[in-house]
Structure formats: C-alpha cells, structure tokens
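**Q** Have a look at this one.
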Ligand SMILES: Cc1cc2nc3c(=O)[nH]c(=O)nc-3n(C[C@H](O)[C@H](O)[C@H](O)COP(=O)(O)OP(=O)(O)OC[C@H]3O[C@@H](n4cnc5c(N)ncnc54)[C@H](O)[C@@H]3O)c2cc1C
C-alpha cells in the first residue's frame with residue numbers, strides 16, 4: 001500500500017476546496033475545517049492515494065491524484081458511470097435497473113456530484129436500500145454512499161468529560177456501528193440494534209425502536225449540499241427531527257448528501273427499559289437500570305426483532321410500511337369509544353399515536369396475500385415481496401390496505417418508505 005508522511009490536515013482541506021472551487025469565505029467558516037480534515041484523514045486518505053470503486057459489480061477502479069487533476073477526474077467519472085442492477089441493493093428485493101450508478105467512497109468525489117447535478121443530471125442518494133421502493137427503471141444518477149470510518153473525537157476539548165463524541169461516516173452499516181459502540185462501552189444505541197441500512201440513512205427518517213429515536217443520540221449531521229456544492233454541519237435542532245421525519249426526508253431528492261453523523265453518548269449511561277417488549281423479555285428478567293449492561297439490551301433487542309420481523313434476506317420487506325398515525329386527543333377518545341381495545345400511546349403534547357399494525361389487523365389484512373405481495377402474517381405493518389413482485393403490485397396492495405383502514409377508522413395511513421420515481425418528471 002502506498003504510504004506518505006502524514007500531511008497537515010487543515011492545509012490539505014484548504015487546498016482541496018480551493019482546487020475544486022468549493023471554497024468561498026462564508027463556506028470556510030461553515031466548514032468546520034478541523035472536522036473535515038478528520039474525515040479526510042481517517043476515512044480514505046483521500047488527497048494522496050485514491051482507489052475509488054465506481055461501480056461495485058464492474059470491479060472498475062481509478063487511481064489518480066485528485067489534487068493535481070480535477071478535470072481528469074470528471075472525465076474518469078463520466079466514463080465510469082455504468083448501468084447497474086439494484087435488485088440486491090434494496091431489501092424489498094424489487095427489480096430495478098439504474099442507468100448510472102456512482103459509488104461514493106471519498107469526499108473528493110463530492111464536487112463532481114455537484115457538477116453532475118449542474119449538468120442537469122438528476123440524482124438519487126442511496127444508502128442500504130432498506131427504506132426505499134424503487135421503480136423498475138431508474139433514470140437518475142444513483143449515488144451509492146460507501147464512505148467509511150468511525151472516529152472518537154479527541155478528549156480534552158471543553159465538554160468532553162461527561163460525553164463521548166463520535167463521528168461516523170455515512171456508509172458504515174448501522175448495526176455494525178451499534179455493535180462497535182456497545183463493545184467499546186459507548187452505550188446509548190443498543191435499543192436501535194439490528195435496524196438495517198447505513199449510518200447516513202439513520203437521520204433521514206430519524207430511526208426509532210424500543211423507546212429510543214436516533215435524534216436522542218445525535219449532536220450534528222454533516223452533509224454535502226449538492227446544489228450549492230458545500231459541506232454544511234447541521235445541529236440536531238436544524239435537522240428538524242420529528243417522528244420518522246427530518247429536514248433530509250422532506251427535501252427534494254438530490255439536495256442533501258449526508259457524509260457523516262456526530263453522535264453524543266453520555267458517559268453516565270441511563271438504560272431505556274420502559275418498552276413493554278423489553279420489560280417482559282426473559283434475557284432481561286431481574287435486571288435493573290443499575291445492573292443491566294448495554295450488551296444485554298442489545299442481545300435482547302436482536303432476539304425480539306429476529307422473532308417478530310421477517311429477515312429481508314429471506315423475505316423481501318422494508319420494515320414498517322406505514323407510520324403510526326398521530327391524532328388529536330378528541331379523535332382518540334371517539335375511536336376508543338367505538339373500539340375499546342384500540343392500541344394507542346399518549347404523546348407528551350396530549351395527542352395520541354395509534355398502532356397502525358393493530359388497525360390493519362382489525363381491518364382483516366394481516367397475513368393476506370395478493371399474488372407476489374402480501375401483508376406479513378406476524379407483523380401487519382410489514383408488506384412483503386414473496387418473489388418477483390412488480391412495484392405496481394406492492395403499491396396497489398398498500399393502497400388497498402390504506403383504503404380499508406380509512407373506511408373502518410377514518411384515519412389515513414402514511415407510507416414510511418421513500419417511493420422513488422423513475423425520473424423527477426414522473427414525480
Ligand atoms: C427488516 C427491517 C426493519 C426495520 N426496522 C426499522 C425500525 O425499527 N425503525 C426504523 O426507524 N426503521 C426501520 N427500518 C427502515 C430502515 O432500515 C431505516 O429507515 C434505515 O435507516 C434506512 O437506511 P438506508 O441506508 O437503508 O437508507 P435507504 O433505504 O438507502 O434510503 C432511504 C432514504 O434515505 C436517503 N438517504 C440514504 N442515505 C443517505 C445519505 N447518506 N444522504 C442523504 N440521504 C440519504 C435516501 O435518498 C432515501 O430517501 C427497517 C427496515 C427493514 C428492512
């Protein structure tokens with residue numbers, strides 16, 4: 001492997017952004033250069049040696065010196081955008097042929113992505129494909145995020161006594177990161193174990209499970225603003241997280257490309273054990289907040305999830321296909337009068353979150369099959385692909401389920417996965 005003397009990080013960053021025309025004065029302030037330097041050094045040694053895989057299935061790679069020849073990179077990238085099947089890159093297992101796919105494995109590629117978008121290429125950012133409904137033919141440039149790296153932000157800085165701050169690159173697998181953190185004693189993410197996808201995908205819909213949402217553990221998210229061609233670090237507040245939603249999910253596709261997430265995990269960890277499934281789980285029997293470990297919670301969560309949810313490797317699915325609808329207290333009261341066993345959770349603002357799975361089951365859809373698609377027989381919130389399903393069949397089933405719930409309960413269900421149109425004109 002090609003090795004060089006460790007470079008001066010902040011000088012490299014300045015040179016990098018100057019070279020790619022991505023540095024103006026305002027941006028230099030925004031960029032948090034030290035942080036970018038950290039990514040550059042720890043993720044991919046990007047400035048000096050590069051080995052970028054542009055298309056996983058093609059085994060095509062380019063080795064080049066980015067600092068010296070940006071024009072060459074552009075033409076290399078243009079030549080290397082290849083057609084690729086995304087069948088194995090979405091957990092629903094839908095057949096999808098993407099016209100052009102670019103694997104992002106270095107920050108050095110970011111300016112090129114902006115150049116593509118300015119050249120009127122429509123972009124779609126793909127993580128692990130565990131929360132998308134893909135069309136049969138995708139005419140956008142698909143940017144597959146494969147940035148890697150986990151770095152504990154150095155201790156000694158103010159405010160580091162009571163917390164661990166860890167920067168994690170967007171292409172890291174989510175569960176791999178949760179396991180790594182737990183093994184190192186950085187607790188707080190264990191309730192979110194075994195959720196498929198990438199770290200970069202986690203803030204998009206503010207993933208949540210077993211009483212924890214990822215927003216509870218995030219300090220900031222650093223993303224490339226594709227149209228403006230600059231890195232922006234958004235605080236947790238600026239991410240505007242809500243239930244299964246964020247600024248990233250609400251934005252037009254091709255606006256934000258998350259490159260890393262900074263997690264904030266308190267050293268004085270307080271386990272979250274109040275979720276009913278955890279309270280009654282035999283692996284946690286007799287445990288209290290003082291005696292339980294993060295690893296024990298992680299193991300219990302994995303065990304519960306393996307029992308309850310279909311494994312996408314065996315049965316294509318995207319986890320919950322519908323969000324749990326949130327309704328005002330007045331609507332909850334009138335529904336409760338009609339359906340005494342209605343399952344609902346009071347929210348801090350006085351509203352109620354209704355269990356969509358319960359309503360789907362009550363509408364008679366649990367376990368129902370329509371050709372190649374169906375509603376899972378153990379978890380009514382999950383729609384499954386029995387094999388070879390067309391996207392139209394899946395969306396047709398989703399529509400039938402929604403209509404049934406609306407007719408019986410008067411509550412519209414919102415889909416949780418992102419339905420990707422084949423081209424923006426089709427949206
Ligand atoms: C079996 C199963 C169980 C699940 N359980 C849960 C659960 O308990 N809780 C939960 O909240 N979710 C759950 N999910 C949904 C899914 O795993 C999460 O939403 C996950 O975070 C999606 O990440 P991803 O990398 O796969 O994103 P993708 O599916 O690739 O993309 C989803 C959206 O995020 C965008 N995106 C992805 N990466 C980036 C990036 N780097 N920058 C900008 N945008 C990006 C995409 O453009 C797209 O709009 C489950 C899914 C499955 C299949």
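The values are calculated or read from the model by the stated rules, or taken from the named source; none is laboratory data. Quick caveat: nothing in here was measured; it's all calculated off a predicted structure. Glycine gets a Cβ as well: all are built from the backbone with ideal geometry, and neighbour counts include every protein chain shown.
**Q** Confirm whether residue 363 is crowded, with 16+ Cβ neighbours inside 10 Å, over 27 Å from residue 313 (Cβ atoms) and over 25 Å from the mean Cα position of the chain (by Cα). Quick ask: steps written out before the conclusion?
**A** Values: crowded, with 16+ Cβ neighbours inside 10 Å: yes; over 27 Å from residue 313 (Cβ atoms): yes; over 25 Å from the mean Cα position of the chain (by Cα): yes.
Yes.
**Q** Separate question: Give me the residue from the stretch 260-277 that is at pLDDT 95 or above and within 15 Å of the ligand (Cβ to nearest atom) and, out of that set, farthest from residue 420 (Cα to Cα).
**A** The extreme case among them is 272.
**Q** Please count how many residues of the stretch 321-337 are more than 11 Å from residue 414 (Cβ to Cβ) and within 10 Å of the ligand (Cβ to nearest atom).
**A** 0
**Q** With respect to residue 421, is the statement that it is part of a helix (DSSP H, G or I) and modelled with pLDDT under 95 true?
**A** On the way: part of a helix (DSSP H, G or I): no; modelled with pLDDT under 95: yes.
No.
**Q** In the stretch 374-427, which residue that is within 14 Å of the ligand (Cβ to nearest atom) and farther than 28 Å from residue 307 by Cβ is surrounded by the fewest Cβ atoms within 10 Å (Cβ to Cβ)?
**A** 427
**Q** Take the residues in the stretch 173-191 that are under 14 Å from residue 269 (Cβ atoms) and in contact with a strand residue (DSSP E or B) (Cβ under 8 Å, 6 or more places away or on another chain); name whichever of them is surrounded by the most Cβ atoms within 10 Å (Cβ to Cβ).
**A** Restricting to residues being under 14 Å from residue 269 (Cβ atoms) and in contact with a strand residue (DSSP E or B) (Cβ under 8 Å, 6 or more places away or on another chain), the top hit is 189.
**Q** What do you reckon, is residue 350 exposed (fewer than 13 other Cβ atoms within 10 Å of the Cβ) and in contact with a helix residue (DSSP H, G or I) (Cβ under 9 Å, 6 or more places away or on another chain)?
**A** Here the answer is yes, as residue 350 does meet what is asked.
**Q** Residue 302 is checked against (1) surrounded by 20 or more Cβ atoms within 10 Å (Cβ to Cβ); (2) within 16 Å of the ligand (Cβ to nearest atom); (3) touching a residue at least 24 places away in the same chain (Cβ under 8 Å); (4) closer than 30 Å to residue 183 by Cα and fails just one. What number does that condition carry?
**A** It is condition (1) that residue 302 fails.
**Q** Turning to a different aspect of this structure: In the stretch 246-259, how many are more than 10 Å from the ligand (Cβ to nearest atom) and surrounded by 17 or more Cβ atoms within 10 Å (Cβ to Cβ)?
**A** 1
**Q** I've got another one for you. Given the options 140, 88, name the one that is without any contact (Cβ under 8 Å) to a residue 40 or more places away in the chain and either assigned to a helix (DSSP H, G or I) or farther than 22 Å from residue 311 by Cβ (or both).
**A** On the way: 140 fails: without any contact (Cβ under 8 Å) to a residue 40 or more places away in the chain.
Result of the check over 140, 88: 88.
**Q** Follow-up question, since we're still on this one. Of the residues 396, 388, only one is part of a helix (DSSP H, G or I) and closer than 29 Å to residue 141 by Cα; which?
**A** 396
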